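Remarks on the structure that follows.
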Amino acid sequence: MEQLFQQLINGISLGGIYALIALGYTMVYGIINLINFAHGDIYMVGAYVGFALTTFLHLGFFPSLLISMIVCSILGMIIEKVAYKPIRNSTRIAALITAISVSLFLQYTMMYFVSPQTRTFPEVLASKRLTFFNGNVILDVKNIYIIVITVVLMVGLQYIVRHTKIGKAMRAVSLDKEAAELMGINVNKIISYTFAIGSALAGAAGVLVGVYYNTINPLMGVTPGLKAFVAAVLGGIGMIPGAVFGGFFLGMTETMVSAYGGSVFKDAVAFAVLIIVLLVRPNGLLGKATKEKV
Amino acid sequence: MKRISKGKILTFFGIIMFYIVIQLLINVGIIDSYIQLNIVLIGINIILAVGLNLITGFTGQFSLGHAAFMSIGAYTSAILTAKLGQPFIVAIFASGITAALAGVFIGIPTLRLKGDYLAIATLGFGEIIRIVALNIDYIGGAIGFNDIPQYTNWSWVFAMTVVTVVLIRRFINSYHGRACIAIREDEIAAEAMGINTTYYKILAFAIGAFFAGTAGALYANYFYFIKPDSFGFMKSIDILVIVVFGGMGSIVGSIIGAIALSIISLFLQSIPELRMVIYALILFGIMVYRPTGLMGNQKLKIFRKGGKNNVSA
Amino acid sequence: TGSNSDKIKVGLNYELSGGVATYGQGLVEGIELGFEEINKNGGVLGKQIEPVKVDNKSEDTEAANVSTRLATRDKVVALLGPATSGNTKAASPAAMQNKIPLISASATADDITIDSNGNVRDYIFKTCFSDSFQGVMMAEFAYNDLGFKNAVILGDSTSDYAKGLSKSFKETYTALGGKVLNEEAYQAKDTDFKAVLTNIKGSNPEVLFVPGYYEEVGLIVRQARELGLNVPILGADGYESPKFAEIAGKEALDNVYYSSHYSSMDDSPEVVNFREGFKAKYGKEPDAFNALGYDLAYFLADSLERAGEANSEKLKEALEATKDFKGVTGAFSIDENHNPVKSVTIIEMKNGEPTFLKKLDPK
Amino acid sequence: MSVLKVSNLSKTFGGIRAVTDVNLSIEKGEIIGLIGPNGAGKTTFFNLLTGIYNPTSGEVVYDLNRIISTRDLKPYKITHYGIARTFQNIRLFQNMSVLDNVLMGFHNGLKYGIASALFKLPSYYKTEKNTFEEACVLLDKFNLLDKKDEISKNLSYGDQRRLEIARALAAKPKLLLLDEPAAGMNPKETKELKELITWIREAFELTVIVIEHDMSLVMEICERIFVFDYGILIANGTPEEIQRDERVIKAYLGGEEQC
Amino acid sequence: MLELKEVNVFYGVIHALKNLNIKIEEGEVVTLIGANGAGKSTTLKAISGIQKLKSGEITLNGESINNVGAPDIVKLGISHVPEGRRIFSRMSVMENLEMGAFTRTDKSEVKKDFEKIFSLFPRLLERKEQMAGTLSGGEQQMLAIGRGLMSRPKLLLLDEPSMGLAPIIVKEIFSIIKEINKAGTTVLLVEQNAYMALNAADRAYIIRNGEIEMQGDAKTMLQDEKVKKAYLEG
Ligand SMILES: Nc1ncnc2c1ncn2[C@@H]1O[C@H](COP(=O)(O)OP(=O)(O)OP(=O)(O)O)[C@@H](O)[C@H]1O
Ligand SMILES: Nc1ncnc2c1ncn2[C@@H]1O[C@H](COP(=O)(O)OP(=O)(O)OP(=O)(O)O)[C@@H](O)[C@H]1O
Ligand SMILES: [Mg+2]
Ligand SMILES: [Mg+2]
């Protein structure tokens, strides 16, 4: 029983991290229909910026988080301008390959400068733990931070995208860029904003996760990037609550597989669940089935 | 429409000559084991890329799990040749068949999934295969499968590459192939033309997977050693890169893409620190300056982003 | 083969990019430091050693490609690397065909030097422990010295190293009468192990055996302690790194034991010299890979001297005849299976510092 | 003989009743007009007839070569039954050539197996040659032969519409469904289209159902007209009857002058 | 008000507009007619800034708008209702209309305009929350026009607004055009239905293969034999 509670907490904590990364992913995804493989690497850059700020400049957690978000949003906008803008009208697969090239570029440029070695974050957040059931069930306060931040961001983003003018413009751009221009929407600007927001989220996730797990390396974005992509798809592509839901779902699935002794096949089962979910709900858990009208 | 034209005869003899010349060069030692190894690799990559091109380039089904088919073929052949002592030709066929069966198996979800949803499902499929292989002790699990007999040589690679290219080309030029292209262009209209889209999508997966399986067999029986991680997600991406680099929906493109990328990779071996950075820049350059790939042209555009075709997800 | 000029070419086939670039780069740092020192001191056989460094992208195909290239194009006298067992196996055929010795300092699989029929692979050597050796040692240590009767194994399911260690640990441990309650797994690059650790905690083992590398194990140790799983954790030479304590945290590391070649506690002049030299060149503390690479450089130089000329065939014979080579990771001889006969140190982490606990000699 | 009989056919989307309780039957060889205000459910009706949507209730029964009822309607099977259609938003295979588009139309009639394709057996050559020739004949009839190698998306709007009809005819249907074939055509082109439709009916022995907002076309070539409004079949009759029908005028045609 | 001087447009090698000259005065309804592929849509695209000119100049009230981007042209008071509707398919009808008013800041006036659009097209009111992509063809066309009007343009460019609409609605559309024109909006209308277009317009241009073939008073053109033969008679 206590174990089950502990596993639920583990699942939610892990899910919170996936959800946090998936948020930025789905944001960019939803607006320009691009599987932004570089998202995981922007997250990595965010973690390194946070590392540098806390280790060398001895800044506190929140200033580092903020600066890292700003740096990442600028990086995101630059990437968009330099890499994605020129291929905006080409095929989806060409865009995917471009995104992969950006991803490799970020990974290995970083590796070139900082070496592939793992670095450790200084303790910038005191680790406080809450215990229940005579100390048998433990919850790290950092988890609560991550989950609260994720949920707040989700609500905020959802509000922006659904109800503000700029958010609606983002959706309009995602549907038909030319028509959006005819409405007076500056498509370039909107896409830049989208990348700025998405990348800032990645940066925030990088610092948070870096602090949480304490280790960072230049390839740290690969697996979470993939998992976040899975989470985003699982929840329904381009849907902000979907990304969060998908993140938690994925985290919980992986945890429960391990909990029941399947740690060897943890990822395999997670992918199998993904495939099954998609077969049952081809547009993701929260996605609505929209048949093309002919 | 004459059956045999002069051009065809010329091409035929050209291909035969090419084979003989390379074989001679190998015999006299001008082509050493290093060049030979790279020729084998290029051949294997051509087979993989042409097969994936059928699935992704022609039929329009986004697949990120092609390496899994290769892996199935490689292990099948390894078991048959190393453990069961079967002849290579049997192993190659069996590899193709097992991979094709897997292709059918993963093709079935395509009934329901489209675009990125399909991409992630195939990616997941590839990962599942890899993780399962990591944990089967019979085939060595994570430790890998060692001491596979080396049967693959220039003749086998040449023969299999030519067979793959010729058969897939013929398939494309038949009404079956046209049906695949039609599905890529407009699935609803294709159905209205009487095309059983499910059937053709699965068929494309099965054929592509078959050849990937044979490529896996050639691979396993050349390199002595295989392990599940050689057929991971990045390998699938590498194959996709060849296809896109060469041009979606262009078989010649896939061939040129395989050769070009192999050569680029050889040049980059000696600059380890910047290798991947330069590789990334080359990929990026091609995508920006020739988004349709080396041999691609406008007419083969697929997966258009945005725009009015975006009604469904 | 061999080089006639005033240089001796040595091929370095390492994982310099890709998934396990840390290990490859770590080894190369050690090797390059070693060669630098050797060359400064007059080289080998009066010639300078010229390393030809080529990247294999952490891929086995590429490893085979690179070793063929080094053997046929660059005409090297010996091949060093790759780092991992899988890539070393892929690189071996080229060495065998071209009759050039290949030495790996970190490919620990048992079948690196012996093929599936039990024959020795003529030109393949290794200077590190075999997985079976460390696994056996740690199983005996757990059962006999620490007196624990049941254990759980938590290994990296993607790593041949962890798989090999798990296998031999389990065999020995059960043969001794111990019980392996559970075999759990994680995957390289995972960062969250809480689910599996919670599960392990539920099965109440006396000891936890975690074969793997310090990046993941550091996190595992840390998270285990956070979850109140305070049983001893045992492992092997993959733990050897100053980063280990940084990642896991000092307190968490109490009650952690591992087997290793080299201990930074050791203050023999060679070791001190190496540590100083390494810090001077790279500005950081060396880890096990650095040390193994460093020893590999000296081992090669030593064998070349004994061979008398830079000739692959002669070198092979010299390698086979190695007796009591003394390196910073310990002294070893090469046995008839081309494996080192090397004693293992068991190290206990105390307050974040590795402390010498015991030395075990091979049987 | 009724080629098509529809009974009590309904389709709802959520709360929207797109087609409600429609009953009608169509005789062999007729040209039928289907008109009605925007959103009246005409296209939806076509989609029901071709299996793209499943009806909420009711039934569709064809009597072509054999009896086909609702249950068997799968989009990819309809050409097999002898039904072909065009789409309101042109759906050509945009990046394929004009010729290939028409060749696609023949898909259903082609019979050689994959093996013949891979090994180029005689049946491959024979079938490919025949279809190629048939396709050329068809393109010629539609004045598209000289453009056969153009990429279809580069055609002008009118040509694209004609190509879509040619492609549908290639499937050798008994029943042809045209959804707003004259949209985007000028009066002159519309006139050519009228002639074309009457001609193909004769030449291919077809039954044709055409949805159109261009009254000149509907009134001139259709023998019978059905009028939909809010999903309900509100009128049914000859062009003259329809033109005089008060309800139709009020809902659809509008008052006085006709253009 | 708007003038195109010697405008040339290319799509790759296709020379779509050849030295085009068009002049539109304030308060006019001008129509542009021509066969398929003549270059009508291209002309509108050039004006609204989504198609780049190869050479020539477009001026609005005497000032060149060659280098003004499409979004800024909307702010200058030009609204383009494109061919093929181009509604935002996965947004609701209401949201589509809001996008039409993207450049406006006068909230209360915008609200009034919503009402106005709904009274012009009651059908849209019924479908207010529906995803635009599932509307019928004609409903989508109404939405496209409504959306175009939401920016309160001074100059409205309409590309085949009657396409796919029921006759009764077509009549309505033309009376709406007249109405908004009376209220002060200048209109440039592209139509296949030349008869109705000429009836509604003050002046007309006939374009052929990217060149102006004829121009003049719309009503005179209605009587012109050549025009009758080429564009009016079915
Ligand atoms: N997939 C769908 N989901 C929701 N509503 C739909 C869907 N398809 C059609 N509708 C609704 O059903 C009604 C009928 O649409 P349909 O397309 O059949 O009209 P139509 O008669 O063809 O009109 P038009 O002449 O304008 O093309 C419309 O109100 C439309 O909004
Ligand atoms: N994106 C494009 N790429 C290439 N050619 C184009 C493109 N758009 C239009 N064209 C060509 O430019 C010419 C003019 O096209 P445009 O769309 O302006 O004609 P239109 O007068 O609007 O015709 P329609 O009545 O069919 O709408 C045509 O020959 C057309 O084929
Ligand atoms: Mg319709
Ligand atoms: Mg037009």
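The values are calculated or read from the model by the stated rules, or taken from the named source; none is laboratory data. Predicted model, so just to flag it, every value in this text is computed and none were measured. Note that we place each Cβ from the backbone using ideal geometry, even for glycine, and neighbour counts take in every protein chain shown. Heads up: the accessible areas ignore ligands, DNA and RNA and are worked out on the full protein's heavy atoms, side chains in. Shrake-Rupley method; radii C 1.70, N 1.55, O 1.52, S 1.80 Å.
In the distance distribution for the range B:61-165, Cα-Cα pairs more than 19 Å apart total 51 percent.
Tell me, what is the Rg over Rh of the range E:119-179, with Rh the Kirkwood radius over Cα pairs?
On the way: Rg = 11.3 Å, Rh = 12.1 Å.
Rg/Rh: 0.94.
Note on the range E:88-189: percent of Cα-Cα distances in each 10 Å bin, starting at 0 and stopping at the bin with the largest distance, equals 15, 51, 32, 2.
Beyond 65 Å, what share of the Cα-Cα pairs of the protein assembly as shown remains, rounded to the nearest whole percent? Summing the P(r) of the protein assembly as shown above 65 Å gives 20 percent of all pairs.
Can you give the FRET efficiency for C:E251 and D:L145, using 1/(1 + (r/R0)^6), R0 = 56 Å, r = Cβ-Cβ distance, to the nearest 0.05? Mind showing how you got there, number by number?
Working: r = 85 Å, r/R0 = 1.52.
Calculated value: 0.10.
Near E:A16, the amide H atoms lying under 5 Å from its own belong to E:V9, E:F10, E:Y11; only residues 5 or more places off or on other chains count, and H is placed 1.01 Å from N. Take every DSSP beta bridge whose two residues both sit in chain E, then give the antiparallel share in percent to the nearest 5. Percentage antiparallel, nearest 5: 55. Evaluating kT/(6 pi eta Rh) at 25 °C and 0.890 mPa s, with the Kirkwood radius of the range A:58-137 over Cα pairs in the Stokes-Einstein relation, gives 149 µm² s⁻¹.
I need the shape label for the range B:1-54. Rule: rounded when a/c is under 1.5, else prolate if a/b > b/c, else oblate, with a, b, c from the alpha carbon gyration tensor. Walk me through the intermediate numbers first.
Numbers: a/c = 6.00, a/b = 1.35, b/c = 4.44.
Oblate shape, in that a/c is at least 1.5 and b/c is the bigger or equal ratio.
Taking the charge dipole of the protein assembly as shown about its Cα centre, with +1 at Lys and Arg Cβ atoms and -1 at Asp and Glu Cβ atoms, the residue from A:F113, E:N199, D:T127 reaching farthest to the positive side is E:N199. Modelled spin-label separation between D:N236 and D:K250, with each label point placed 7 Å from Cα along the Cα-to-Cβ direction: 2.1 nm. Local charge for E:I50 was computed over the other residues whose Cβ lies under 10 Å away, with Lys and Arg +1 and Asp and Glu -1, and equals +1.
For chain C, the longest principal axis of the alpha carbon atoms and the long axis of helix C:160-176 meet at an angle near 50°. Ordered from highest to lowest accessible area with the whole protein assembly present and a 1.4 Å probe, B:F105, C:F274, A:F248 read as B:F105, A:F248, C:F274.
Counting only protein heavy atoms, what percent of the accessible surface of the protein assembly as shown is carbon or sulfur at a 1.4 Å probe?
Working: 29240 of 51570 Å².
Ligands and nucleic acids excluded, carbon and sulfur give 57 percent.
Expressed to the nearest 5 percent, the antiparallel share of DSSP beta bridges inside the range C:1-71 is 10 percent. Using the Cβ-Cβ distance between D:K74 and D:A203 with R0 set to 30 Å, the FRET efficiency from 1/(1 + (r/R0)^6) comes to roughly 0.55. Comparing C:A301, C:N351, C:L319 along the charge dipole axis of the range C:246-359, the residue lying farthest to the positive side is C:N351, per the Cβ-charge model.
Using unit Cβ charges (K, R positive; D, E negative) and no other charged atoms, how large, in debye to the nearest 20, is the dipole of the protein assembly as shown about its Cα centre?
Once rounded to the nearest 20, the dipole reads 2660 debye.
Of the complete DSSP H runs in chain B, those spanning 24 angstrom or more by Cα along the long axis with a mean Kyte-Doolittle score not below -0.5 are B:6-28, B:33-52, B:88-107, B:115-134, B:154-172, B:197-223, B:251-268. Over chain E, what is the relative contact order in whole percent, taking alpha-carbon pairs under 8 Å and six or more residues apart? Answer for chain E is 27 percent. For a straight C-alpha distance cut-off of 17 angstrom, the lysines reachable from C:K323 (same-chain residues fewer than eight places away being disregarded) are C:K126, C:K314, C:K342, C:K363.
So what's the range E:2-232 giving for Cα Rg divided by 2.2 N^0.38 Å, two decimals? Compactness ratio reported: 0.99. Ligands, DNA and RNA aside, D:H80 has an accessible area near 110 Å² when probed at 1.4 Å.
Need one number: % antiparallel among DSSP beta bridges in chain C, to the nearest 5. Before the final figure, lay out the partial values.
Working: 19 of 50 bridges.
That works out to approximately 40 percent antiparallel.
Cα convex hull, the range A:183-269: 121 Å³ per residue, rounded to a whole number. Note on the range A:2-16 and the range B:6-77: Cα centroid distance 49 Å, given to the nearest whole angstrom. Each Cα pair under 8 Å and six or more residues apart adds its separation to the average, and for the range A:2-280 the resulting relative contact order is 41 percent. Counting every alpha-carbon pair across the range D:93-167, the share separated by more than 21 Å comes to 30%. Per the Debye formula on identical point scatterers at the alpha carbon atoms of the range A:2-280, with no solvent, log10 I(q)/I(0) at q = 0.09, 0.13, 0.14 Å⁻¹ is -0.42, -0.87, -1.00. Rg/Rh for chain D stands at 0.99; both radii use Cα atoms, and Rh follows the Kirkwood definition.
Applying 1/(1 + (r/R0)^6) with R0 = 45 Å to the Cβ-Cβ distance of E:K228 and B:K8 gives a FRET efficiency near 0.20. Normalised by the number of residues in the range D:93-167, the mean separation of alpha-carbon contacts (under 8 Å, six or more apart) gives a relative contact order of 51 percent.
Taking amide hydrogens as placed 1.01 Å from N in the peptide plane, the amide H of E:Y205 sits under 5 Å from those of E:T31, E:L32, E:I33, each at least 5 positions away in sequence or on another chain. Legend: residues A:E123, D:E30, sorted from most to least accessible area (1.4 Å probe; ligands, DNA and RNA excluded), read A:E123, D:E30. Rounded to the nearest Hz, the phi-derived 3J(HN,Hα) couplings of the range E:100-106 under the Karplus curve 6.51 cos²θ - 1.76 cosθ + 1.60 (θ = phi - 60°) are x, 9, 4, 7, 8, 10, 7, where x marks glycine and proline.
Farthest towards the positive end of the charge dipole of chain A, among the residues A:V45, A:A196, A:N89, is the Cα of A:N89, using unit charges on the Cβ of Lys, Arg, Asp and Glu.
Stick to Cα atoms and the Kirkwood definition of Rh, then tell me Rg/Rh for chain B. Can you show the working numbers first?
Details: Rg = 19.4 Å, Rh = 20.1 Å.
Result: Rg/Rh = 0.97.
Dipole check for chain E: with +1 at the C-beta of Lys and Arg, -1 at the C-beta of Asp and Glu, and the Cα centre as origin, the magnitude is about 340 Debye. Of interest is the spacing of the C-alpha centroids, which for the range E:18-34 and the range A:251-265 amounts to 69 Å. Calculated accessible area for the range E:2-232 comes out at 40 Å² per residue, all protein chains present (probe 1.4 Å; ligands, DNA, RNA ignored).
About the Cα centre of the range A:2-280, how large is the charge dipole given +1 on each Lys and Arg Cβ and -1 on each Asp and Glu Cβ? Please answer in debye to the nearest 20.
Working: 16 positive and 10 negative charges, 98 e Å.
Around 460 debye, computed over the range A:2-280.
What net charge do the residues around E:N96 carry, taking every other residue with its C-beta under 13 Å from that of E:N96, with Lys and Arg at +1 and Asp and Glu at -1?
Details: positive: A:K168, A:R171, E:R85, E:R86, E:R90, E:R127, E:K128, E:R147; negative: A:D176, E:E95, E:E98, E:E129, E:E139.
Combined, the nearby Lys, Arg, Asp and Glu give +3.
For C:E276 and C:N204, compute 0.36 nm times the residue count separating them, minus their Cα-Cα distance, and round to one decimal in nm. Present the calculation step by step, with values, prior to reporting the outcome.
Numbers: separation 72, 0.36 × 72 = 25.92 nm, distance 4.37 nm.
In short, 21.5 nm is gained.
Counting only protein chain heavy atoms and rolling a 1.4 Å probe, the accessible areas of C:K149, A:K168 rank, largest first, as C:K149, A:K168. If I model the range B:131-216 as equal point scatterers sitting on the Cα atoms and use the Debye formula, what is log10 I(q)/I(0) at q = 0.19, 0.21 Å⁻¹? Scattering profile of the range B:131-216, log10 relative to I(0): -0.89, -0.97. In this simple spin-label approximation, B:S155 and A:L8 carry label points 7 Å from Cα along the Cα→Cβ vector, and these lie 6.8 nm apart.
Between the C-alpha center of the range A:109-160 and that of the range D:36-114 there is a gap of 55 Å. Scanning residues 5 or more positions from D:D229 or on other chains, those with amide H under 5 Å from its amide H are D:I234, with H placed 1.01 Å from N in the peptide plane.
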